[in-house]
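Below is one structure, written out as structure tokens, with a few remarks after it.
The values are calculated or read from the model by the stated rules, or taken from the named source; none is laboratory data. These numbers come from a predicted model, not from an experiment. No Cβ is skipped: glycine too gets one built from the backbone with ideal geometry, and neighbour counts run over all protein chains shown.
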Amino acid sequence: MKAIRIHEYGTENVLKYEEVPTGKIKRNEVLVKIMATSVNHLEVMMASGEAKESMPVGFPWIPGFEGAGIVEKADAVKTGFEKGDEVFFHCQGGSYAEYIVIDYRELVRKPENVSFPKAACVPHTALTAWQALFTRGGLQPGQNVLIHGGAGAVGAFAVQLAKHKDAIVYTTVSEEDISYVEALGADHFLNYKEVDFTKVVKDMDLVLVLTGGDTLDRSYQVLKPGGRLVATTGQVDEKKAAQYNAEAMNMLIRSDRDQLEKIKELIEADVLTWDIGIIYPLSEAAAAWKTYAGKTKDASTFTHGKVVLEM
């Protein structure tokens with residue numbers, strides 16, 4: 001099969017389109033023909049070596065943590081899947097390839113109302129949003145949540161999921177993204193370039209920090225006593241959170257079939273919406289990473305949505 005592999009740390013320059021052996025399934029595993037995957041910050045960061053102390057890469061490494069495709073081979077009795085089933089998944093790596101061997105407990109049947117490229121955009125970002133809001137954040141109906149970066153790939157799902165939970169949703173975005181997050185259901189939207197959120201937001205039950213800069217450091221002061229801060233970027237300061245009688249925690253996404261099943265149900269009920277930014281063939285993964293980083297003219301052709309690799 002064809003796959004993208006890296007043999008050393010770097011950026012798009014280390015992505016190699018190569019012929020590699022197709023894996024063989026063992027007990028509880030399924031062989032999936034991948035139709036599409038998408039680019040996420042996690043694989044780009046890991047490939048760069050930025051996180052090699054906590055998340056080292058074993059070379060050669062096939063990036064990619066999500067995808068959508070068709071079951072090629074499986075033990076239907078043991079796994080519940082059979083050849084021809086359309087699925088999507090979050091995995092531990094290896095989706096930049098034509099095939100993947102994956103534990104059946106990481107597979108969910110693809111929503112019937114979306115294409116393979118659309119489905120491939122969902123698992124990593126939607127699960128990150130779900131786990132930040134509910135698993136780690138404990139968000140309940142009627143509570144106030146501030147989502148930093150509500151127009152981003154994770155943020156857009158977080159806004160919609162929080163609103164579906166009947167929370168009161170605040171978000172920080174740029175001026176050009178206000179109408180977008182309003183359409184997603186945000187109740188209050190702040191232009192972070194013009195408004196200091198610490199001056200107008202207070203008593204938050206939950207704050208999600210999905211952006212960089214000094215946003216994390218300034219977010220503790222808007223929490224109510226007993227509130228929680230969950231960050232996917234930066235390192236939280238638990239002592240500073242304690243000064244406000246609040247909690248702070250970092251999180252990394254984990255695969256969760258039950259959660260992905262619930263997300264699938266919301267997709268099929270037309271509760272969730274999201275965009276594809278641009279599609280590249282797998283062989284052009286290096287160009288896709290350059291666009292993801294804003295280094296190409298293609299990056300200016302879309303404002304929202306993920307960069308997708310199609311097989």
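The table below gives the values:
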{"quantity": "Strands (runs of 3 or more DSSP E) contained in the range 93-189 and holding at least 3 residues crowded, with 24+ Cβ neighbours inside 10 Å and not assigned by TED's automatic domain parsing to the domain that holds N28", "calculated": "144-148, 168-173"}
{"quantity": "Failed condition for L146, given (1) under 19 Å from the mean Cα position of the chain (by Cα); (2) farther than 21 Å from H304 by Cα", "calculated": "(2)"}
{"quantity": "Test result for L146, in contact with a Leu (Cβ under 6 Å, 6 or more places away or on another chain) and either within 21 Å of A248 (Cβ to Cβ) or at pLDDT below 95 (or both)", "calculated": "no"}
{"quantity": "The range 62-78: number of residues that are part of a helix (DSSP H, G or I) and either in contact with a His (Cβ under 6 Å, 6 or more places away or on another chain) or among the basic types (K, R) (or both)", "calculated": "1"}
{"quantity": "Residue match in the range 67-88 (condition: among the hydroxyl-bearing types (S, T, Y), in contact (Cβ under 8 Å) with a residue 24 or more places away in the chain and assigned by TED's automatic domain parsing to the domain that holds G23)", "calculated": "yes"}
{"quantity": "Condition met for L216 (free of Cβ contacts under 8 Å to residues at least 24 places away in the same chain, of a type outside the set (D, E) and under 19 Å from Q131 (Cβ atoms))", "calculated": "yes"}
{"quantity": "Index of the failed condition, K52 passing every other in (1) part of a loop (DSSP other than H, G, I, E, B); (2) over 27 Å from T232 (Cβ atoms); (3) basic (K, R)", "calculated": "(2)"}
{"quantity": "Residue in the range 187-207 that is in contact with a helix residue (DSSP H, G or I) (Cβ under 7 Å, 6 or more places away or on another chain) and under 26 Å from A119 (Cα atoms) present", "calculated": "no"}
{"quantity": "Pairs with Cβ under 9 Å, 6+ apart, first in the range 8-36 and closer than 28 Å to D85 by Cβ and in the same structural domain as P63 (by TED's automatic domain parsing), second at pLDDT below 95 and of a type in the set (F, W, Y)", "calculated": "none"}
